[in-house]
Amino acid sequence: MQPVRGEITVLLGKWKGGDSSALQDLMPLVYPHLREVAAAYIRRERNPDVLQATSLVHELYLRLLNQRKAAWENRQHFYTFAAKVMRMILIDHARERQAQRRGGEFDLIPLSDDLVWINIGGPEMLDLDHALDELSVLDVAKVQMVELRYFLGCTADETADLMQVSKSTVDRDLRFTKSWLYRRMHPETIPDAA
């Protein structure tokens, strides 16, 4: 994910300093990873013509270009932001598909093997977005872990490196977060406290 240690951070610093060509130099370094993540989402689609990996990464690129004040300090900050943007793109895609299929059936395509109860393009994506917004009020770091791990496709080790925590912390926090999200999105599964 990191071609030469510090190269991404240097380019981000140049971009922050007003060098518009820095983004052009940065994208070839991060594109392979972003494309791989997008392709993984597309492989799960039953109708891959609806959303293509290249278009997903290009949409991310366009949104990055529109950032007037790029203030990323390092690669961790950049990838965390890219994960949030990827989440927003997938949420927008889910809203669009729901609007097109209102009242109809939708394909069940899990967001990840760890979150099989959240389907890309289904109403669960919108519920997940609301639940993550709610969780961000309580713990932003856990939301960032979810975004990095499940929206940007980072491994647990990469997530730990980007978050500057141990892999065991990522594993523990994601177990807790997945459980919290499931209970938040499926309150009917919580037994009565009587």
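Summary of values
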item	result
Scope region 167-189; condition of a type in the set (Phe, Trp, Tyr) and open to solvent by less than 50 Å² (accessible area, probe 1.4 Å); matching residues	TRP180
Criterion (hydrophobic (A, V, I, L, M, F, W, C), open to solvent by 30 Å² or more (accessible area, probe 1.4 Å) and either in contact with a Leu (Cβ under 6 Å, 6 or more places away or on another chain) or within 25 Å of TYR31 (Cα to Cα) (or both)) met by exactly one of ALA160, ALA156, ALA141, ALA131	ALA141
ASP25 being modelled with pLDDT of 80 or more and open to solvent by 50 Å² or more (accessible area, probe 1.4 Å)	yes
Close pairs (7 angstrom Cβ cut-off, 6 or more residues apart or separate chains): basic (Lys, Arg) in region 56-75, at pLDDT 80 or above anywhere	ARG63/VAL85; ARG75/ILE8; ARG75/THR9
Residue match in region 97-107 (condition: open to solvent by less than 50 Å² (accessible area, probe 1.4 Å) and either modelled with pLDDT of 75 or more or aliphatic (A, V, I, L, M) (or both))	no
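The values are calculated or read from the model by the stated rules, or taken from the named source; none is laboratory data. No experiment lies behind these values; they were computed from the predicted model shown. All Cβ positions, even for glycine, are placed from backbone atoms using ideal geometry, and neighbour counts span all protein chains on display. Ligands, DNA and RNA are excluded from the accessible area calculation, which covers all protein heavy atoms including side chains. Shrake-Rupley method; radii C 1.70, N 1.55, O 1.52, S 1.80 Å.
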